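Data block below; observations after.
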Amino acid sequence: MRTLFVPLAVLAMAAPPAFSQVAQAAQAGPLHSQSSMSAPSGTAAARVQEPAGPLTLRSAVAMALQANPGLSSALREQEATEAAIVQAGAWPNPTLDAQLEDLRRDNRTTTLQLSQPIELGGKRAARVTAAERARDQAASALAGRRAEIRAATVTAFFDVLTAQERLRLAQDSVGLAQAATRAAANRVAAGKVSPLEETKARVAEAGIRVELMQAEGTLRSARQQLAALWGNPSPRFTQVDGAVDQLPTMASAQDIASRLADAPVVRQARLEVERRKALAELERARRIPDVTVSLGAKRVPASEGENGGSRRNQVVLGLSVPLPIFDTNRGNVAEALSREEKARDDLAAAELQLGTDVAQATERLRSAHATAETLQRDALPGAESAYKAATKGFELGKFSFLEALDAQRTLFQVHAQYLLALADAHRAAGELDRLLGNEGEAIPAATLTTATPAAR
């Protein structure tokens, strides 16, 4: 039977792609052991060491990018598309056929045949191209997710920073209310005012204490939302370190216009068009039938009259070509073309929606920016001056308690409006960063050092 396998060895040498790939895969080992498939250290499975003391924005962004579960999910998707490229480039496997005719020994005919499908029409190249477009899309989604996480971390960081300032303001308000209550009690004891003034002061102090408890709850919630970005349900950091009164920079119209074309959502939609185009090319290539070549050996009984009746070998050659009569892949081609057009429509819709969202976020940032600057420049100094004058006049008996209380409430309301405008400005800036993508930009310098707000 040794001579029967000689043609099989010849066929194996004639089909090097399939056999060489199997050998290479056996030497390479599992996919996950390759360097291109190894997961970097910045995944959600990695443990981050959250500081127990003050937290800076740079540290918060680094921890979120290292341990956010959503980022790890996008990374796994990218790894999956890398593996899909490997599979798309695989050659079809050969087929080994064995046939036995007639079970009687003298009349038995044995055939061994090795068949190798050969893809025509560029199917393998089209598969690889489609898989590469999916890989590019996954990489873009990963970059967009990183930009989203960074923008969410910056926004949550400033929410905590604003909540800290609101708590400080509420604590100062309680101290001022206690001082007003003591002053009213002293004036009542001296017989200068009615006991009703002291009652009003105590009621006002109770209301401010309620505001203090609300500010404490807001701060706890903001800290939990920030820590959740790196997967920690119980924050360890005591406070965040930054300048709350530093407004975000207003981007120019030219800068926004230049970043619109490469925004994550637009880039993702554009890559989807490219992927659908590659899939349409693959379906067109599948309309061309593949051929299968075969080579084998056939061992047949000896013909009558041959000396000794010995068996003899015959070489078997074959070629198989499907006839595209009933299935021409017309439906799949039409479907792929329609989905390509749909992807182009989605791209146009994404560009339109992005322009609207960016315009709204820009307007919110501009409005909050102007409001905060106006309050800081005009309202806060006047409210502080009026409150100091009213408090001193009340202590000297020149103003009533209602006048002093009204000045105090005005000051606190202006402070609250100023902090709200700052928070709105940072949220709008974070929304712009999320829409336009700013993963590679540096951390704002204003957040790296602690500054005392000018409105204090």
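How would MET250, MET213, MET63 line up by accessible area, probe 1.4 Å, largest first?
On the way: MET250 70, MET213 115, MET63 15 Å².
The ranking, largest first, comes out as MET213, MET250, MET63.
Treating only the Cβ atoms of Lys and Arg (+1) and Asp and Glu (-1) as charged, compute the dipole magnitude of the stretch 309-356 about its Cα centre; round to the nearest 20 debye.
For the stretch 309-356, the charge dipole is close to 700 debye.
Among ALA278, ASN329, THR249, whose Cα lies farthest out toward the positive end of the dipole of the stretch 247-339, if unit charges sit on the beta carbon of Lys, Arg (+1) and Asp, Glu (-1)?
ASN329
So how strong a dipole does the stretch 124-249 carry about its Cα centre when Lys and Arg Cβ are +1 and Asp and Glu Cβ are -1, to the nearest 20 debye?
It comes to approximately 480 debye.
From the residues SER115, GLY144, LEU169, which one has its Cα farthest along the dipole of the stretch 97-215 in the positive direction, the dipole being from +1 and -1 charges on Cβ of Lys/Arg and Asp/Glu about the Cα centre?
Of SER115, GLY144, LEU169, it is LEU169.
Can you give me the solvent accessible area of TRP91 with a 1.4 Å probe, rounded to the nearest 10 Å²?
Here the residue's solvent-accessible area equals roughly 110 Å².
How large, in percent, is the carbon and sulfur part of the accessible surface of the stretch 318-404 at a probe radius of 1.4 Å? Numbers along the way, then the final one.
Numbers: 3160 of 5620 Å².
C and S atoms contribute 56 percent here.
Taking the Cα centre of the stretch 306-398 as origin, work out the dipole magnitude from +1 charges on Lys and Arg Cβ and -1 charges on Asp and Glu Cβ, in debye rounded to 20.
300 debye
From the residues SER194, MET213, GLN178, which one has its Cα farthest along the dipole of the stretch 173-218 in the positive direction, the dipole being from +1 and -1 charges on Cβ of Lys/Arg and Asp/Glu about the Cα centre?
Towards the positive end, the residue furthest out is SER194.
Could you please report the charge total around LEU396, scoring K, R as +1 and D, E as -1 over all other residues with beta-carbon less than 11 angstrom from its beta-carbon?
+3
Which lysines have a Cα less than 18 Å from the Cα of LYS298, not counting those fewer than 8 places away in the same chain?
none
Note down the net charge around ASP327, summing +1 for each Lys or Arg and -1 for each Asp or Glu among other residues with Cβ under 11 Å from its Cβ.
Neighbour charge sum, excluding ASP327 itself: +3.
What whole-number value in Å² describes the accessible area per residue of the stretch 232-346 for a 1.4 Å probe?
61 Å²
Given the whole protein assembly as supplied and a 1.4 Å probe, what does the accessible area of PHE412 come to in Å², nearest 10?
Here the residue's solvent-accessible area equals roughly 30 Å².
Which of the GluC sites (Glu not before Pro) found in the stretch 229-325 are in a DSSP loop and have at most 10 neighbouring Cβ atoms, other than their own, within 10 Å?
Sparse-neighbourhood loop GluC sites (Glu not before Pro): GLU304.
What full-extension length gain, to one decimal in nm, is calculated for GLN239 and LEU420 as 0.36 nm per residue of separation minus the Cα-Cα distance?
63.2 nm
Net charge around GLU101, counting only other residues with Cβ within less than 14 Å of its Cβ (Lys, Arg = +1; Asp, Glu = -1)? Write out the running numbers ahead of the final one.
Numbers: positive: ARG104, ARG105, ARG108, LYS298, ARG299, ARG311; negative: ASP97, ASP102, ASP106.
Once all neighbours under 14 Å are counted, the net charge is +3.
Ignoring ligands, DNA and RNA, please state the percent of accessible area on the stretch 66-138 from carbon and sulfur, probe 1.4 Å.
Heavy-atom surface of the stretch 66-138 belonging to carbon and sulfur, 1.4 Å probe: 51 percent.
Would you mind working out the accessible area per residue for the stretch 350-438, using a 1.4 Å probe, and quoting it in Å²?
Heavy-atom accessible area per residue stands at 50 Å².
The values are calculated or read from the model by the stated rules, or taken from the named source; none is laboratory data. Everything numeric here is computed off the predicted structure, so don't read it as measured data. Here the Cβ is made from the backbone with ideal geometry for all residues, glycine too, and neighbour counts use every protein chain on show. All accessible areas refer to the heavy atoms of the entire protein, side chains included, with ligands and DNA or RNA removed. Shrake-Rupley method; radii C 1.70, N 1.55, O 1.52, S 1.80 Å.
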